[in-house]
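Here's the structure we're looking at; comments come further down.
The values are calculated or read from the model by the stated rules, or taken from the named source; none is laboratory data. On a predicted model such as this, the values are computed, not experimentally measured, just so you know. Cβ coordinates were reconstructed from backbone atoms using ideal geometry, including for glycine residues, and neighbour counts include every protein chain displayed. Note: accessible area is taken over every heavy atom of the protein model, side chains too, but ligands, DNA and RNA are not part of it. Shrake-Rupley method; radii C 1.70, N 1.55, O 1.52, S 1.80 Å.
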Amino acid sequence: MTLRAAVDNPATGRPRTPYRRRLPVLLGAALVLALLGPFGTFADLTLAQRLAYWIGLIGLGGLAFELLTLAAARLLRDRPEAWRALLAGVTLAVAAPMTMAVALLERSLRGKDMLHPLGLAELFVYVVLITLLVSAIPVWLELRDRGLLAGPTPPPAPDNAPVPPAERPEPDFLARLPARIGRDLLALEMEDHYVRAHTAEGSDLILMRLRDAIAELAGLDGMQVHRSHWVAAAAVAGVERKPDGKLVLVLRNGRRVPVSRSHAAAVREAGWTEKTGP
């Protein structure tokens, strides 16, 4: 149960969804609940029945959580700062139908009639608590990877107080990068409603628009070279020219980035075309 993400697999370079991280957590939670048998399930059900009971409920809740999160993330794709409201809303929205599912299951499996206001209210509280406990670890890990748990950036120095380059505050965008890919930013690439940040250590998707990411990189030497690409000056190792005259930037990690005709003049003025390719 986590926010939507697609992370590169460092070994293969192919996108990796959060299921590999979430599935062991869901199965582990179901196993623990089956062994402990809370809410009277230990006394009334066998181990096999408890496993089926908890795996079914947690699996159904996890699927509902994922689908609702995907829908909410699309609605809030331009407001990544609203993740708290998104999580709270999705948790409550999932708990409502899951409460009814548990009530129906309890009546058919154990003969307990909880289809009344007091019984449903009690079940709702239990469902919310279990949802929070099961989703806590994967949600925390993904929020950390998305850079949404980073602290506030220090305010910039006054205009009349020059700051040495070594003491200038880091661009806001770099705080969004997960620790595993470092902060040696090479380039940004637009993918649908996301920005893929490429560093010397790998790449990751950030839920924001390219123009907003570029705005948060103020102070870092680089430029937009294409409608869908931004490149850091220090990342350019060389330049290639295609038969049709278009430029292609060759980055330190071997990645090639196209330069649109509308940005070619700025690339030349910056002296990037004078760099020798690998």
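With both labels modelled 7 Å from their Cα along Cα-to-Cβ, the Leu129 to Ala270 distance reads 5.6 nm. Each label point was placed 7 Å from the Cα along the Cα-to-Cβ direction; for Met223 and Glu191 their separation is 2.7 nm.
I need the shape label for segment 181-278. Rule: rounded when a/c is under 1.5, else prolate if a/b > b/c, else oblate, with a, b, c from the alpha carbon gyration tensor.
On the way: a/c = 1.70, a/b = 1.44, b/c = 1.18.
In terms of gyration-tensor shape, prolate.
Please give the FRET efficiency for Asn253 paired with Trp140, using the beta carbon to beta carbon distance and R0 = 25 Å, rounded to the nearest 0.05.
Numbers: r = 30 Å, r/R0 = 1.20.
About 0.25, to the nearest 0.05.
Would you work out if segment 166-232 is rounded, prolate or oblate? Take a ≥ b ≥ c from the square roots of the eigenvalues of the alpha-carbon gyration tensor; rounded if a/c is under 1.5, else prolate when a/b is larger than b/c, oblate otherwise. Don't jump to the answer; show the numbers that get you there.
Details: a/c = 1.56, a/b = 1.19, b/c = 1.31.
The shape class here is oblate.
Below 8 Å between Cα atoms, with a sequence gap of 6+, how large is the relative contact order for segment 191-253 in percent? The normalised contact order for segment 191-253 reaches 20 percent.
Taking the average, over residues, of other Cβ atoms within 10 Å as the packing measure, peptides 93-105, 208-220 rank 93-105, 208-220 from highest down.
Hey, with R₀ at 30 Å, roughly what FRET efficiency would Leu31 and Ala200 work out to, going by the Cβ-Cβ distance, to 0.05?
On the way: r = 40 Å, r/R0 = 1.33.
Between Leu31 and Ala200 the formula returns 0.15.
Enter the accessible area per residue of segment 193-278 (Å², integer; probe 1.4 Å; all protein chains in place).
Result: 50 Å² of accessible area for each residue.
Suppose a student asked you for the relative contact order of segment 217-278, using Cα pairs under 8 Å spaced at least 6 residues apart; what percent would you report? The partial results should precede the final answer.
Details: 98 pairs, mean separation 20.3, N = 62.
Value for segment 217-278: 33 percent.
Only protein heavy atoms count here; under a 1.4 Å probe, Phe39 has an accessible surface of about 90 Å². As a calculated quantity, the FRET efficiency between Lys242 and Arg180 at R0 = 41 Å, using C-beta atoms, amounts to about 0.75. In this simple spin-label model, placing a label point 7 Å from the Cα along the Cα-to-Cβ direction at both Ser108 and Asp44 gives a separation of 1.5 nm.
Under the rule a/c < 1.5 gives rounded, and otherwise a/b versus b/c splits prolate from oblate, where does segment 224-272 land using the Cα gyration tensor? Don't skip to the answer; put the middle values down first.
Details: a/c = 1.40, a/b = 1.20, b/c = 1.17.
In terms of gyration-tensor shape, rounded.
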